[in-house]
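Worksheet: the structure to be examined is printed underneath.
The values are calculated or read from the model by the stated rules, or taken from the named source; none is laboratory data. Remember, predicted model here, so these are calculated numbers, not experimental data. Here the Cβ positions follow ideal geometry from the backbone for every residue, glycine too, while neighbour counts run over all protein chains shown. With ligands, DNA and RNA removed, areas are computed over all heavy atoms of the protein, side chains included. Shrake-Rupley method; radii C 1.70, N 1.55, O 1.52, S 1.80 Å.
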Amino acid sequence: MRSKSRKLDTLLAHAGRNPEANHGVVNPPVYHASTIIHPTVAAMEAAQKNRYAPNQVTYGRHGTPTTFALEEAVAAIEGGARAVALCSGMAACAAALLAYLGSGDHLLMVDSVYGPVRNFCSGFLKRFGVETTFYDPMIGAGIAALFRPNTRIVYLESPGSLTFEVQDVPALIKAAKAHGITAMLDNTWAAPLFFKPLALGVDVSIISATKYIVGHSDAMMGIAVCTAESFLPVRSAASDFGNHAAPDDCYLALRGLRTAGVRMRQHQEQGLALAKFLAGRKEVEKVLHPALPGHPGHEFWKRDFTGSSGLFGVILRRGIHKRAVDAMLDGMELFSMGASWGGFESLILPTHPERLRSAVAWDTGPVLRLHAGLEDLDDLIDDLDRGFARLNAAS
Ligand SMILES: Cc1ncc(COP(=O)(O)O)c(C=O)c1O
């Protein structure tokens, strides 16, 4: 695209497309490839030497023009220099961490991080001699007290998984930068629309594109958006682990990206309406939604974000028995139960933050996570209403 200063919705529609190079076809075609052949030894050596240069095709594992189109589009949208597409969001989290960590290093990890990343730190990284300290998501500038001479990374996820605390990103980044510590942030909740971590000094923005970018619950994809400095370390770590984003899935991610703007605005509206409905229910103790006043970090959400996605949580009243929650969830007709989120459909899950916190204990009644899909709002409210009737009947 000619101008780098286009607005977000324009970038969503145009970034990463090049119809002139593809016979006028609107979308970049899917290139399936392993071997890439070269006409001369010199051409082959040049390709190998420049294997991470933009649009350089050297081997299927390092990407094809389909991969590069997706990477270029997401980098433009997030304001990054380059991006790296990987086979899943979890692979992107792991590659970003492994790009910077070595044996003997110390990692500061937010306590409300996505569960499998917590396990990666407590298991894999520990085995390889990396020590992790989990920190309170609301610690802000106080993070500096946790720095050690060997602290290499501060890893943020904002809002946090399951409990949705919004972090004071500028305060955390300022402290990290003052000590030369690399900062990375899982931006999946807001991506690709409502938050731009690189503009606040984050070095790597990690997105599970499986969620809102793919948007249709039919492909896995991770993207690490990098600065000019962080690109090579992350790209090399991804390659060293043999990581590869499949071309058909890159195509699906690109197709999803084109409509992500309208979808996310609708997810936002539905999510807010459902959150307000739930806040008025007697069975509900508290709604965990960054856009609601009183939510931990709501003031940071107002300052740093331009909107909210469709994922949020609910704390039910203490004393509501598991049997009653199960009765509610087992009979849902429109809200389905299953891992992941960000597709067009509504989801509901019982969650257990108390099992995944070590810096700050979590002690509340039962917790649910909801994803507001694109169904009719009245139908969704009706489904929840009937669910609460089952919950009360089983209480
Ligand atoms: C916040 C967050 N980050 C990362 C991931 C991992 O993404 P994927 O499922 O694409 O591996 C998830 C998945 O649920 C997530 O919720």
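Looking across segment 126-158, the residues that are within 16 Å of the ligand (Cβ to nearest atom) and over 14 Å from A183 (Cβ atoms) come down to F134, P137. Under the condition of being closer than 20 Å to G319 by Cα and of a type in the set (V, I, T), the residues counted in segment 376-395 number 0.
Within segment 18-60, the set of residues being touching a residue at least 24 places away in the same chain (Cβ under 8 Å), farther than 23 Å from A228 by Cβ and not β-branched (V, I, T) comprises N27, P28, P29, Y31, H32, A33, S34, Y59, G60. For the criterion of being over 30 Å from K49 (Cα atoms) and modelled with pLDDT under 95, L193 passes.
Here's the yes/no breakdown for (1) of a type in the set (S, T, Y); (2) surrounded by fewer than 24 Cβ atoms within 10 Å (Cβ to Cβ); (3) over 26 Å from S340 (Cβ atoms); (4) over 15 Å from the mean Cα position of the chain (by Cα):
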position: I173; (1), (2), (3), (4): no, yes, yes, yes
position: V214; (1), (2), (3), (4): no, no, no, no
position: A219; (1), (2), (3), (4): no, yes, no, no
position: Y251; (1), (2), (3), (4): yes, yes, no, yes
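Looking only at segment 280-288, decide whether some residue is within 16 Å of the ligand (Cβ to nearest atom) and either under 27 Å from P197 (Cβ atoms) or of a type in the set (V, I, T) (or both). Yes, some residue in segment 280-288 is within 16 Å of the ligand (Cβ to nearest atom) and either under 27 Å from P197 (Cβ atoms) or of a type in the set (V, I, T) (or both). Only one of the numbered conditions (1) surrounded by fewer than 21 Cβ atoms within 10 Å (Cβ to Cβ); (2) among the small types (G, A, S); (3) farther than 21 Å from D304 by Cβ is not met by A141, and that is (3).
None of C121, C93, C87 is over 30 Å from L11 (Cα atoms) and under 21 Å from the mean Cα position of the chain (by Cα) except C121. Within segment 333-347, work out how many residues are closer than 16 Å to G310 by Cβ and touching a residue at least 24 places away in the same chain (Cβ under 8 Å). Qualifying residue count, segment 333-347: 10.
Note on segment 323-339: among residues that are in a loop (DSSP other than H, G, I, E, B) and in contact with a Ser or Thr (Cβ under 6 Å, 6 or more places away or on another chain), the one that is most open to solvent (accessible area, probe 1.4 Å) is L334. As a summary of the residue check, N50 satisfies the conditions (1) surrounded by 14 or more Cβ atoms within 10 Å (Cβ to Cβ); (2) within 18 Å of L232 (Cα to Cα) except for the one numbered (1).
Taken over segment 120-164, the residue count meeting the criterion of being in contact (Cβ under 8 Å) with a residue 40 or more places away in the chain, more than 19 Å from H295 (Cβ to Cβ) and part of a loop (DSSP other than H, G, I, E, B) is 2.
Against the condition among the small types (G, A, S) and within 16 Å of the ligand (Cβ to nearest atom), how does S236 come out, does it pass? The answer is no for S236.
Filtering segment 73-88 to residues that are open to solvent by 40 Å² or more (accessible area, probe 1.4 Å) and closer than 10 Å to G16 by Cβ leaves only A76. Annotation: of all residues in segment 98-118 being within 12 Å of the ligand (Cβ to nearest atom) and not hydroxyl-bearing (S, T, Y), the one that is most open to solvent (accessible area, probe 1.4 Å) is P116.
The condition (being small (G, A, S) and assigned to a helix (DSSP H, G or I)) is satisfied by just one residue among A33, A85, A53, A76: A76.
Considering G313, G343, the condition of being part of a loop (DSSP other than H, G, I, E, B), at pLDDT 95 or above and crowded, with 18+ Cβ neighbours inside 10 Å is satisfied by G343 alone. Which condition number in (1) modelled with pLDDT of 95 or more; (2) open to solvent by 90 Å² or more (accessible area, probe 1.4 Å); (3) within 31 Å of the chain's Cα centre (by Cα) is the one that R6 fails? With (1) modelled with pLDDT of 95 or more; (2) open to solvent by 90 Å² or more (accessible area, probe 1.4 Å); (3) within 31 Å of the chain's Cα centre (by Cα) applied to R6, the lone miss is (1). Checked against the criterion of being touching a residue at least 24 places away in the same chain (Cβ under 8 Å), open to solvent by 50 Å² or more (accessible area, probe 1.4 Å) and among the polar types (S, T, N, Q), the candidates S358, S308 yield just one match: S358.
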